[in-house]
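What follows is a short report on a single structure.
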Amino acid sequence: MEFTVLKIKLDSKEITMESVEKEGIYGIIDYALYLHDEVYRTYELDPYDPKNVTVFGKGPFAGSALPGAHRLMFVFRSPLYGVVFPSAMGGAAYQFQRVGVDFVVLEGKRDKPTVILLQGDGENINVELHEIELEKVMEIWKDYKGEEGVYALTEYLIDNFKNKFDSEFRIACVGPASLNTNFGAIFSQVLKNGKRVEGGEDWAARGGSGSVLLRAHNVIAIIFGGKAKKKFPGEDIGNIKVVKPIVEGIHKKPMFQVIGEKTTKYRYNPKLKTGGTFGGNYPAEGDFVPILNWQMPYISKEDRIKIHENIMKHYWEPFNKEAIETKNWTTCGEPCPVVCKKFRRGHHVEYEPYEANGPLSGSIALRASDISVHAVDAMGFDAIEFGGLAAWVLELVYRGLLKPEEVGLSDKPEFTKDALILKPVEASERNAKLVAELAHRVAFAENELAKILGLGKRKASTILDEKFKDRLNYGESFKDYAVFTPLGEDGEICPTMYWAIGNYIPLPIQGRYWTFYQFGVFLEPEELANKIIASAIWEFWYDNIGWCRFHRGWMKPVLKALFLEAYGENVEMEEHSKKQLRKLISYAKKAGYEPVFWDSMRVIDLVAAGAKEFGNEKWAERFKKDKVGTAKEYLKRVLDTYSEILGVDWTI
């Protein structure tokens, strides 16, 4: 397959176009991994080295008539997890495809914060680099037209650059979190006629994509659009009349019927009378919902059920009334029948950010969490990562291990089960306010502790253990209150917001869905390893080709046929995936990031309690007799089997 690549050397302003046709490159992860591993050898570099190239672009099916094929992917070496990492932004490739290239490679670093303009007319591509003084950027982030952070910067860029485009365009930009932390994200909102579309927000967030964009390259925004049109070398799958027979030939049903059936959760589930990830997850998870910095192992089932009842009353029901019944639904920017973006009162409501900066951080009232989530988003954080940090900090402050004034908080949190049971709204309002305060302190690095917290929970704990050792019990660490999946000596990532054992396993990619993330299940370690790989094989493909995973139910069986019809490529899907997983593992090891045993007692407790809570009596009994020893054996057996299946050495 042939891909068009635009290479921008930011320090010398050298811009080149090249055609890449290399065996085994079917998508952006394939290409980016080749660059990082074989060309730039970024495993030898600091993640903020200018040669830690950021590769972004679209998948081979962008421009097709199929919904979901327009995720914009960013691939880089993560400053948080330490490895080559993919981050996905929904819908943005629908505008990016108009530039007329497949991938863009950013190498080098600008002297001043820079805005990159990319515009194609179908024949030529115009690239412009515009500098803005850092003082001006800080001023915009603090306030522009009454907005702050990424929202303010987006408005400023619309005002100053919209006249450069004579067709629709899109902006991807960063906030102050990217300047001062390892978990800054890249934000983009759907634009129509130069105005932001309510609810149409999306992020390439996981792994610190924004932090690398700003700190390795000094790029604060990328603006893209144009009029180029994709030409497929085989069948023209940009034509609905061509793609329908392909999909219907495999599913034996009308195309839009099967898409509707396979995306019910994300659009609207008539049985639950709700839709979207927020609407679907809370009824399903029940008392397994992560709360109060993952303290579920220490809270009785009876009390967790009471808290869940309050979540349904103060969180889920208002969402249904204000977002579902009103049909405030939109898309991520591409034509799509799923309209998965649910919004109300100007807030786009998705499960993960509202869970991490909501119940996990002690807020179970929707209006209260609007305040915390909006602040976290505005500052340009990976909302999952920041929510994990905020929940940890609030618990530390509640327990007296940190003082409010040290962190820059105005009060102590109400961080108990009783508060969420007896005064859910009042406690939520206090806690959400503190999360919003913390977001500003950390994003702008306003005090010494905020700077330390910007490193992430695991790295920060090493410093805090020394700084406040007199506050800890003998043998205790600040890490013991933190939940993260560890890799190597200092790699970490906050797991997705499910009490799922597969989320805590140190894998070459974590914090995404490249694992078995089913909550409420405790499997034999060998079975878990098999399920992790089965999931990773296909999650790799969704990211590699920039296809929305919400469409996986109908798209997965069709993918091989699409490669054949559109490109004449007979791709061995599973074999290629395993090969690339092995390459990711090889890269991680060269970078010094290998699996390690959990160095947080909270994570060990989540795994041990999971055996009991999820009904595996045999393992529950073993954990009861020897918690740490059993946890080590369980993890080793998972990773031994994982290694055996892939033919690698990836174990503790």
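List of remarks:
- The chain - percent of accessible surface contributed by carbon and sulfur, probe 1.4 Å: 47 percent
- Debye equation applied to the C-alpha atoms of the chain, log10 I(q)/I(0) at 0.06, 0.08, 0.09 Å⁻¹: -0.30, -0.54, -0.70
- Helix-only CD estimate at 222 nm, as mean residue ellipticity for the chain, using -39500 (n - 2.57) per DSSP H run (n ≥ 4): -12000 deg cm²/dmol
- Within the stretch 3-98, the trypsin sites (Lys or Arg not before Pro) that combine a DSSP coil assignment with at most 13 other C-beta atoms in a 10 angstrom radius are LYS13, LYS22.
- For the stretch 110-188, the equivalent ellipsoid built from the Cα gyration tensor has semi-axes of 23, 14, 12 Å, listed from largest to smallest.
- The Rg/Rh ratio for the stretch 315-395, using Cα coordinates for both the radius of gyration and the Kirkwood hydrodynamic radius, is 1.00.
- Ordering of 182-195, 469-482, 413-426, 287-300 by burial proxy (mean other Cβ atoms within 10 Å per residue, highest first): 182-195, 287-300, 413-426, 469-482
- Rg/Rg_globular for the stretch 71-228, with Rg_globular taken as 2.2 N^0.38 Å and Rg from C-alpha atoms: 0.96
- Both numbers refer to the Cα atoms of the stretch 243-373; Rg and Dmax are 16.9, 54 Å.
- Contact order normalised by residue count of the chain, Cα under 8 Å, 6+ apart, percent: 15 percent
- All other residues whose Cβ lies under 10 angstrom from that of ALA228 are scored, Lys and Arg at +1 and Asp and Glu at -1, for a net of +3.
- What separates the Cα centres of the stretch 529-546 and the stretch 42-84 is a distance of 16 Å.
- Reachable lysines from LYS612, criterion Cα separation under 18 angstrom, eight or more residues apart if same chain: LYS301, LYS624, LYS625, LYS627, LYS632
- Restricted to Cα atoms, the stretch 1-93 shows a radius of gyration and a Dmax of 13.8, 42 angstrom.
- 14 Å beta-carbon shell around GLY91, net charge (K/R +1, D/E -1): +3
- Dividing the convex hull volume of the alpha-carbon atoms in the stretch 175-286 by its residue count gives 216 Å³ per residue.
- Seen from every direction in turn and averaged, the convex hull around the alpha carbons of the stretch 494-586 projects onto 6.7 nm².
- Charge-dipole axis of the chain as Lys and Arg at +1 and Asp and Glu at -1 on Cβ define it, positive-most pick from ALA368, HIS576, ILE246: ILE246
- When the C-alpha to C-alpha distance is required to be over 25 Å, the pairs from LYS459/LYS531; LYS112/LYS467; LYS22/LYS636; LYS9/LYS112; LYS467/LYS636 that qualify are LYS459/LYS531; LYS112/LYS467; LYS22/LYS636; LYS467/LYS636.
- Across the stretch 274-342, the mean sequence separation of Cα contacts (distance under 8 Å, 6 or more residues apart), normalised by length, yields a relative contact order of 32 percent.
The values are calculated or read from the model by the stated rules, or taken from the named source; none is laboratory data. Predicted model only: the values in this text are computed from it and were never measured. Positions of Cβ are backbone-derived with ideal geometry, glycine not excepted, and every protein chain shown enters the neighbour counts. Only protein heavy atoms, including side chains, enter the accessible area calculation; ligands, DNA and RNA are left aside. Shrake-Rupley method; radii C 1.70, N 1.55, O 1.52, S 1.80 Å.
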